[in-house]
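Enquirer: Mind having a look at this structure? Questions to follow.
The values are calculated or read from the model by the stated rules, or taken from the named source; none is laboratory data. All values derive from a computational prediction rather than experimental measurement. Neighbour counts run over all protein chains shown; Cβ positions are idealised from the backbone, glycine included. For the accessible areas, the whole protein counts, side chains as well, though only heavy atoms, and no ligand, DNA or RNA atoms are used. Shrake-Rupley method; radii C 1.70, N 1.55, O 1.52, S 1.80 Å.
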Amino acid sequence: MDKITHPMKGNPIVYVREAERSELPDHLKGTPGKMFAVHDHEGKCLALTEDRKIAFALARQNDLQPVSAH
């Protein structure tokens, strides 16, 4: 499947959402607080972080266009 790009910027779109504890790697399941995941258009997890703003910043620093997903 082709990458989905932002119509105005041309950058691939990635999705930021709160990660489900059950989907986290074993070594992160006990981490207190929320975890946020950055996913590509096929659902592959590209990054995990404890801060939503950092998830968006990570995406932008890698020439990706982040959008919220629920």
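Enquirer: Which condition does PRO32 not pass, out of (1) open to solvent by less than 50 Å² (accessible area, probe 1.4 Å); (2) part of a loop (DSSP other than H, G, I, E, B), if it passes all the others?
Expert: (1)
Enquirer: Among the candidates LEU46, LEU64, LEU24, LEU58, which residue alone is farther than 30 Å from GLY10 by Cβ and either in contact with a strand residue (DSSP E or B) (Cβ under 9 Å, 6 or more places away or on another chain) or modelled with pLDDT under 95 (or both)?
Expert: After ruling out the rest, the residue left standing is LEU24.
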